[in-house]
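J.: Could you have a look at this structure, given as structure tokens, before my questions?
The values are calculated or read from the model by the stated rules, or taken from the named source; none is laboratory data. Small disclaimer: the values here were computed from a predicted structure and weren't measured. So basically every Cβ, Gly included, is an ideal-geometry build from the backbone, and we count neighbours across all protein chains shown. What goes into the accessible areas is simple: the full protein's heavy atoms, side chains included, and nothing from ligands, DNA or RNA. Shrake-Rupley method; radii C 1.70, N 1.55, O 1.52, S 1.80 Å.
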Amino acid sequence: MPPIHDRLALRLGAIFALFAVILGAMAAHGPLHDYLEWQKQTDLWRTALMYQWFHALALLAVGQGLTARRGTVICWLIGVVLFSGSLYILALDSSQKWVGPLTPLGGLFLIGGWAWLWISLLKKKPAIGST
């Protein structure tokens with residue numbers, strides 16, 4: 001029987017990676033690049049992209065497992081949307097102060113997802129015949 005992958009984790013990883021490429025390309029060329037440079041928000045945009053990429057790749061890796069922890073996947077979904085999403089909004093319009101509190105909240109969800117994964121791996125029983 002072939003391994004069962006976690007489709008949600010794989011789908012989210014793929015869509016996060018897709019949009020990271022699109023958003024990265026948009027920020028590197030044309031009007032968005034010029035705007036971010038003019039507003040001195042390029043670093044903020046890069047930070048959002050970096051965290052989005054890390055978690056896209058992590059979701060793709062976790063999704064390869066037989067039993068990806070759904071809590072980890074959901075925490076990372078919420079975390080990337082809140083953390084990276086709020087930074088993208090602030091990079092585009094720093095007057096949108098309402099999104100400021102979403103950044104650390106998103107960061108807490110990202111941390112929570114990593115903690116959930118770590119705890120689930122501590123609880124995981126080794127396979128028969130493995131050391």
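J.: What is the Cα radius of gyration of the range 1-63 over 2.2 N^0.38 Å, N being its residue count?
T.: The value comes to 1.40.
J.: Given contacts defined as C-alpha pairs under 8 Å and at least six residues apart, what's the relative contact order of the chain, whole-number percent? Please report the intermediate quantities before stating the final value.
T.: Numbers: 150 pairs, mean separation 37.2, N = 131.
After rounding, I find 28 percent.
J.: While we're looking at this one, here's another question. Only Cα pairs under 8 Å and at least 6 apart count here; give the relative contact order of the range 1-55 as a rounded whole percent.
T.: It rounds to 43 percent for the range 1-55.
J.: Can you compute 3J(HN,Hα) from phi for each residue in the range 55-60, using the Karplus curve 6.51 cos²θ - 1.76 cosθ + 1.60 with θ = phi - 60°, rounded to whole Hz and x for Gly and Pro?
T.: Each residue of the range 55-60 in turn: 7, 4, 5, 5, 5, 5 Hz.
J.: Give the dimensionless ratio obtained when the Cα radius of gyration of the chain is divided by 2.2 N^0.38 Å. The partial results should precede the final answer.
T.: On the way: Rg = 17.2 Å, N = 131, 2.2 N^0.38 = 14.0 Å.
Here the Cα radius of gyration is 1.22 times the empirical estimate.
J.: Counting only protein heavy atoms and a 1.4 Å probe, tell me what percentage of the chain's accessible area is made up of carbon and sulfur.
T.: Answer for the chain is 72 percent, counting heavy atoms of protein chains only.
J.: Quick one: length gained pulling GLN96 to ALA14 fully straight, 0.36 nm per residue minus the C-alpha distance?
T.: Working it through step by step, the gained length comes to 26.6 nm.
J.: Counting residues in the range 43-93 as N, plug N into 2.2 N^0.38 Å and put the Cα Rg over that result.
T.: Taking the Cα Rg and dividing by 2.2 N^0.38 Å, one obtains 1.25.
J.: Compare the peptides 113-123, 55-65, 38-48 by average per-residue count of other Cβ atoms within 10 angstrom and give them in order, highest first.
T.: 55-65, 38-48, 113-123
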